[in-house]
Protein chains: 2
Amino acid sequence: MSTSPPLPSNAAAVTGQARTIDAARARSLPVDRLLLRAFLRAAGRPPLRCILPDGEAVYVGDGEPVGDVRFADRATLYHVLRAPEIGFGEGYTDGRIEIDGDLTEVVAAAYQPVATWVERLVFRARRPRRNSHRGARHNIHRHYDLGNAFYRLWLDARMLYTCAYYPTPDATLEEAQVAKMHHVCRKLALRPGERVVEAGCGWGTLALHMARHYGVHVRAFNISREQIAFARAQAARAGLAAQVEFIEDDYRNVSGTYDCFMSVGMLEHVGPDHYRELGAVIDRCLPAHGRGLIHSIGRGRPARLNAWVEKHIFPGAYPPTLRQMMEIFEPFRFAVHDVENLRLHYERTAAEWLARFERHAGAVRAMFDERFVRAWRLYLAGTTVAFRLGLLQLFQVVFGRDRFNGGPWTRAHVYTDAGR
Amino acid sequence: MSTSPPLPSNAAAVTGQARTIDAARARSLPVDRLLLRAFLRAAGRPPLRCILPDGEAVYVGDGEPVGDVRFADRATLYHVLRAPEIGFGEGYTDGRIEIDGDLTEVVAAAYQPVATWVERLVFRARRPRRNSHRGARHNIHRHYDLGNAFYRLWLDARMLYTCAYYPTPDATLEEAQVAKMHHVCRKLALRPGERVVEAGCGWGTLALHMARHYGVHVRAFNISREQIAFARAQAARAGLAAQVEFIEDDYRNVSGTYDCFMSVGMLEHVGPDHYRELGAVIDRCLPAHGRGLIHSIGRGRPARLNAWVEKHIFPGAYPPTLRQMMEIFEPFRFAVHDVENLRLHYERTAAEWLARFERHAGAVRAMFDERFVRAWRLYLAGTTVAFRLGLLQLFQVVFGRDRFNGGPWTRAHVYTDAGR
């Protein structure tokens with residue numbers, strides 16, 4: 001295992017020099033103002049004041065503005081008018097768009113009033129490109145191999161980079177991540193001695209949790225080299241290396257049979273063209289009493305990921321609708337037992353990540369640079385808003401063999417004190 | 001309201017004379033035995049002994065047979081070989097097929113070993129015909145207007161003809177039907193004073209339960225004349241006529257706006273070609289904080305209803321997969337909050353209905369005739385088996401407006417003692 005991977009190309013892309021554009025502070029022209037006003041009206045009159053390069057303010061909202069959006073130059077303004085998601089994201093990253101006010105609230109104000117027809121223009125319903133084995137490895141490397149030290153700055157102590165489960169609204173992120181692990185284990189009703197395969201295991205914390213608290217044997221797959229190295233070190237420290245095996249490989253290469261299939265936060269990276277293939281993998285590895293859980297970011301309606309996030313943060317990612325997820329199960333002998341939507345739990349999780357990220361922005365800047373800090377700040381704020389406004393959902397889907405009658409009789413065991 | 005509707009055409013169809021066929025007890029021919037053996041092998045060698053008209057037994061299963069299936073004549077045998085579901089159902093109804101052994105276990109033995117490829121032949125994946133307003137009324141009339149006195153013989157005391165919810169496996173049917181009503185109300189987190197529209201309200205018991213225990217106002221729709229008459233009488237007796245309005249009309253004519261949409265056991269009769277239309281109805285009647293619950297028999301994979309049940313018991317009915325159900329929600333601004341599969345609760349419910357039906361078979365025979373008793377016995381036994389073997393599922397889907405953030409924080413309230 002390499003402990004010093006090459007600098008991920010994503011970091012390189014984000015930390016590079018600002019592109020040279022014809023953007024000295026030109027005076028605004030009357031047409032800029034006209035076009036911006038038309039754009040803001042079409043976007044549902046968000047309560048945001050836009051400040052043109054010469055300081056002139058444009059506002060079409062009702063009531064008090066939530067914040068100001070300052071454009072440093074006309075090229076940046078026109079980039080936003082032409083391609084709002086990409087233009088705003090890149091302009092903000094470059095420091096050519098500045099925000100006066102709370103970034104999360106400003107992003108929320110931009111999305112809140114968006115009418116359905118605008119949303120349909122902005123959301124692109126086309127399917128994303130396919131994720132080959134090699135392409136998947138490249139995409140995962142770009143995001144998850146930014147360095148464990150980076151993620152340690154702002155994730156919880158156990159390094160869980162997926163939606164937490166807050167049993168009560170006042171729980172801390174650390175408590176909620178532990179509760180999430182118990183929540184998914186209880187949903188599967190894991191029993192000591194069972195064999196679990198985990199597809200996309202992150203830094204290995206859930207795999208170790210299952211082994212430690214539920215007495216199961218785990219084989220956990222991940223194609224992120226840095227995460228697998230971290231996971232193996234965790235297992236060795238915990239004395240669980242004999243009970244939990246971490247494998248640096250693609251989920252499509254899972255072999256063997258298991259009592260349970262567990263996947264938390266991987267489906268987003270699989271791509272809808274591969275759901276049936278994923279279903280075939282699960283079908284191959286589950287016996288007649290087999291069951292599984294898939295936890296994934298999703299959508300209420302089909303749409304591609306935010307264009308800027310897809311380009312700069314999560315290449316190859318796609319959040320499916322429930323209907324699309326059914327392509328995993330319906331071609332095979334599976335039945336869905338339980339679906340829970342934890343959308344607002346992800347809003348809380350992402351908001352907490354953003355707050356911790358801000359507290360360590362100086363350290364992130366020292367690791368990368370200011371452009372990287374700005375890009376990730378926007379990504380975390382945008383994620384918070386997307387869950388708050390229902391542009392993203394979080395689905396936990398429990399499924400099992402269609403004729404298996406030995407599962408829990410109701411879902412009450414997930415909620416009893418004994419279960420906690 | 002008419003209190004004496006014309007005899008439903010379904011009852012007429014089932015109670016009519018046995019069709020005249022060339023079926024005096026002919027000697028079996030060697031080809032009969034050969035074809036039957038080939039058929040039984042293709043069907044996965046079920047542990048059933050088939051007795052030909054001349055008394056010869058054919059058995060290809062392993063171990064002890066679960067029961068005997070006796071064919072009275074060659075025409076009946078060939079009807080089964082050509083169209084197993086229809087042939088068996090009609091033969092049993094006519095008394096030309098007799099069962100030695102427990103009917104439920106014999107039906108289970110027939111379906112248990114069915115291989116996927118046979119299932120695909122037997123299940124017909126085509127969509128059923130469309131249910132026009134008039135066609136729907138006709139289809140519903142045929143099943144639900146068989147007479148309240150008939151259903152009173154074997155349903156629970158409150159006349160609930162949908163899957164019960166057994167909080168513990170030892171609950172009675174009466175307890176489980178009350179628990180089911182609380183379960184769906186808690187899932188929607190009904191609050192006093194809210195307005196609920198119910199689509200397909202049966203005999204009105206859930207509507208009255210919601211009003212009595214949760215303080216809501218209900219407008220409940222149903223196109224079964226007998227059921228609506230019964231429901232109105234119930235409301236008057238309970239002094240709830242001002243709080244619960246029963247309307248004899250199609251769900252497509254629902255007007256007004258409501259806090260909640262509730263539908264338990266209607267979707268089976270809507271048909272997949274009308275799901276988007278149903279979604280539009282719900283979209284029209286729910287405001288920004290609106291939410292709803294749809295409870296329906298479903299499938300793990302797309303398939304039409306058992307051909308005999310569709311022809312003789314439930315004309316126009318179709319159990320959807322979850323993927324098909326998403327056609328109700330995804331075109332509109334809804335998000336699915338929760339899906340629960342209560343398959344084995346329906347097995348228990350149907351088995352209990354069958355036991356009660358058998359206890360009152362004499363009374364049913366006096367109301368209709370022996371053929372009717374046999375047809376309904378087979379339908380209830382087949383339903384029990386279909387849920388046991390995973391050929392049918394039972395989905396409760398909770399959904400809400402995609403941006404509504406005021407719902408319950410977790411699902412724990414459904415399971416707390418306070419909630420019970």
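The table below lists the values:
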| read-out | value |
| --- | --- |
| Number of the exception - A:A350 against (1) crowded, with 22+ Cβ neighbours inside 10 Å; (2) in contact (Cβ under 8 Å) with a residue 12 or more places away in the chain; (3) assigned by TED's automatic domain parsing to the domain that holds A:R137; (4) not hydroxyl-bearing (S, T, Y) | (3) |
| Any chance A:Y165 is within 21 Å of A:F395 (Cβ to Cβ) and not basic (K, R) | yes |
| Residues (touching a strand residue (DSSP E or B) at 6+ places or on another chain (Cβ under 9 Å) and within 14 Å of chain A (Cβ to nearest Cβ)) located in the range B:148-164 | B:C163 |
| Residue check for B:D145: more than 14 Å from every other protein chain (Cβ to nearest Cβ), surrounded by 17 or more Cβ atoms within 10 Å (Cβ to Cβ) and free of Cβ contacts under 8 Å to residues at least 24 places away in the same chain | no |
| Failed item in (1) without any contact (Cβ under 8 Å) to a residue 60 or more places away in the chain; (2) crowded, with 19+ Cβ neighbours inside 10 Å, with B:A241 passing the rest | (2) |
| Of all residues making up the range B:192-208, the number that are out of contact with any His (no Cβ under 8 Å at 6 or more places or on another chain) and in contact (Cβ under 8 Å) with a residue 40 or more places away in the chain | 9 |
| Lone qualifier among A:G87, A:G91, A:G55, A:G44 - being in a loop (DSSP other than H, G, I, E, B) and either under 22 Å from A:Q112 (Cβ atoms) or under 30 Å from the mean Cα position of the chain (by Cα) (or both) | A:G44 |
| Every residue from the range B:302-343 that is at the interface with another protein chain (Cβ under 8 Å from one of its Cβ atoms), in contact (Cβ under 8 Å) with a residue 24 or more places away in the chain and of a type outside the set (D, E) | B:P302, B:L322, B:F329, B:P331, B:R333, B:F334, B:A335, B:V336, B:H337, B:V339, B:N341, B:R343 |
| Any hit, the range B:310-318, residues being in the same structural domain as B:A207 (by TED's automatic domain parsing), surrounded by fewer than 23 Cβ atoms within 10 Å (Cβ to Cβ), in contact with a Pro (Cβ under 7 Å, 6 or more places away or on another chain) and among the basic types (K, R) | no |
| Total residues in the range B:197-219, condition in contact with a Phe, Trp or Tyr (Cβ under 7 Å, 6 or more places away or on another chain) and either over 16 Å from B:T162 (Cα atoms) or basic (K, R) (or both) | 1 |
| Residue list for the range A:224-245, filter: β-branched (V, I, T) and either outside the structural domain of A:Y161 (by TED's automatic domain parsing) or touching a Leu at 6+ places or on another chain (Cβ under 7 Å) (or both) | A:V244 |
| Candidate set: the range B:266-290, residues that are small (G, A, S) and in contact with a strand residue (DSSP E or B) (Cβ under 6 Å, 6 or more places away or on another chain); chosen: the one farthest from B:V398 (Cα to Cα) | B:A288 |
| Positions within the range B:311-352 being among the acidic types (D, E) and under 24 Å from B:R411 (Cα atoms), in sequence order | B:E330, B:D338, B:E340 |
| Residue identified as closer than 19 Å to B:E194 by Cα, part of a loop (DSSP other than H, G, I, E, B) and not basic (K, R) among B:A235, B:A241 | B:A241 |
| A:N306 vs. criteria in contact with a strand residue (DSSP E or B) (Cβ under 7 Å, 6 or more places away or on another chain) and either buried (at least 22 other Cβ atoms within 10 Å of the Cβ) or within 21 Å of A:N139 (Cα to Cα) (or both) | no |
| Candidate set: the range A:383-418, residues that are among the small types (G, A, S), over 30 Å from A:A307 (Cβ atoms) and assigned to a loop (DSSP other than H, G, I, E, B); chosen: the one farthest from the other protein chains (Cβ to nearest Cβ) | A:A418 |
| Check on A:E268, away from every other protein chain (no Cβ under 13 Å), at pLDDT below 90 and assigned to a helix (DSSP H, G or I) | no |
| Residues of the range A:149-206 classified as assigned to a helix (DSSP H, G or I), within 25 Å of B:R411 (Cα to Cα) and of a type outside the set (S, T, N, Q), total | 16 |
| Residues within the range B:244-277 that are surrounded by fewer than 23 Cβ atoms within 10 Å (Cβ to Cβ) and among the hydrophobic types (A, V, I, L, M, F, W, C), tallied | 2 |
| Qualifying positions in the range A:287-301 - within 14 Å of chain B (Cβ to nearest Cβ) and under 18 Å from the mean Cα position of the chain (by Cα) | A:L293, A:I294, A:S296, A:I297, A:G298, A:R299, A:G300, A:R301 |
| Residue ranges of helices (runs of 4 or more DSSP H) in the range B:296-377 with at least 1 members modelled with pLDDT of 95 or more and of a type in the set (S, T, Y) | B:343-359 |
| Options A:F395, A:F368, A:F387; residue that is among the aromatic types (F, W, Y), touching a residue at least 12 places away in the same chain (Cβ under 8 Å) and surrounded by fewer than 23 Cβ atoms within 10 Å (Cβ to Cβ) | A:F368 |
| Qualifying position, being within 14 Å of another protein chain (Cβ to nearest Cβ), in a helix (DSSP H, G or I) and basic (K, R), among A:R276, A:R284 | A:R276 |
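The values are calculated or read from the model by the stated rules, or taken from the named source; none is laboratory data. As the structure is a computational prediction, the values presented were derived from the model and not from experiment. Every residue, glycine among them, receives a Cβ derived from its backbone with ideal geometry; neighbour counts consider all protein chains shown.
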